[in-house]
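Undergrad: What follows is a structure written as C-alpha cells; I'll ask about it next.
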C-alpha cells in the first residue's frame, strides 16, 4: 500500500472552517473557539507523521478537535472566563461582520433579533448538556457527521453514539419546549 503524504497546508485550508465551527459550537465563545481551533491544528501538525490511516483524515481531525475542546472546557481558566461579564463589543472580522451575527438581507430587524435570540437559547441548551452528549449533538446535528464518523471522532461505539444522541435530543426537547 503506497503511503501518500498529507500536505498540512491543504489540510488546514480544507478543514479550518469545520474545525472552527465545531470549536465555536462546543465553547460558545469566538475568541476561545479561535484559540482552540489553532491549538487543534498545532496538535495535528505535531502528530501528522504518526497518523496511521486507521480512520479517515477528517474523522481523525474531528477527534483531535473534540478532545481539545473538552480539555479547554474543563480547564479552570476557561470556567473563570465564562463567568466574567464581557463589557466590550465582539471584534469585527475582516469583512466587517461580527462573528456572532449572521447577516440575512431578507429578514427584518425584528425577525433577525428573534432568530438570533432563538439561536442563543438553542446554544445555551446545547451548552448545558454533559460533554459526551454535547459532542454527539454537535457532530451529528450541527456538523452532519455519520454515526460511524462520530464514533471514530469520540472513541465511542456507534450504538453508544446513538443512545447518547437520543438522550441529548430528549433533554434538548425538554429545555426548548415551546421554542422550536
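The values are calculated or read from the model by the stated rules, or taken from the named source; none is laboratory data. Just so it is clear, the structure is predicted and the values come from calculations on it, not from any experiment. Every residue, glycine as well, gets a Cβ built from its backbone with ideal geometry; the counts of neighbours run over all protein chains shown.
Undergrad: Only one of these is closer than 19 Å to residue 24 by Cβ, loosely packed, with under 14 Cβ neighbours inside 10 Å and at pLDDT 70 or above: 101, 124. Name it.
TA: 124
Undergrad: Can residue 159 be described as surrounded by fewer than 15 Cβ atoms within 10 Å (Cβ to Cβ) and at pLDDT below 90?
TA: Taking the combined requirement at face value, the residue does not satisfy it.
Undergrad: So the check is Cβ under 8 Å with 6+ separation or different chains; which pairs have a first residue in the range 162-180 that's without any contact (Cβ under 8 Å) to a residue 24 or more places away in the chain and a second one that's assigned to a helix (DSSP H, G or I) and surrounded by 16 or more Cβ atoms within 10 Å (Cβ to Cβ)?
TA: 162/147
Undergrad: Go through (1) closer than 25 Å to residue 141 by Cβ; (2) in a helix (DSSP H, G or I) and name the single condition residue 9 misses.
TA: Only one criterion in (1) closer than 25 Å to residue 141 by Cβ; (2) in a helix (DSSP H, G or I) is unmet by residue 9, namely (1).
Undergrad: Would you mind stating whether residue 81 is over 18 Å from the mean Cα position of the chain (by Cα), part of a helix (DSSP H, G or I), surrounded by 11 or more Cβ atoms within 10 Å (Cβ to Cβ) and at pLDDT below 85?
TA: Against the criterion (over 18 Å from the mean Cα position of the chain (by Cα), part of a helix (DSSP H, G or I), surrounded by 11 or more Cβ atoms within 10 Å (Cβ to Cβ) and at pLDDT below 85), residue 81 qualifies.
Undergrad: Let me ask another. Within the range 1-28, work out how many residues are under 11 Å from the mean Cα position of the chain (by Cα) and at pLDDT 85 or above.
TA: Qualifying residue count for the region: 11.
Undergrad: Is there a residue in the range 29-36 that is under 26 Å from residue 151 (Cβ atoms) and either buried (at least 16 other Cβ atoms within 10 Å of the Cβ) or at pLDDT below 85 (or both)?
TA: Scanning the range 29-36, I find at least one residue that is under 26 Å from residue 151 (Cβ atoms) and either buried (at least 16 other Cβ atoms within 10 Å of the Cβ) or at pLDDT below 85 (or both), so the answer is yes.
Undergrad: OK, next. Can you tell me which residue is surrounded by the most Cβ atoms within 10 Å (Cβ to Cβ) among those in the range 127-147 that are assigned to a helix (DSSP H, G or I) and either without any contact (Cβ under 8 Å) to a residue 40 or more places away in the chain or in the same structural domain as residue 33 (by TED's automatic domain parsing) (or both)?
TA: If we take residues in the range 127-147 being assigned to a helix (DSSP H, G or I) and either without any contact (Cβ under 8 Å) to a residue 40 or more places away in the chain or in the same structural domain as residue 33 (by TED's automatic domain parsing) (or both), then 136 is surrounded by the most Cβ atoms within 10 Å (Cβ to Cβ).
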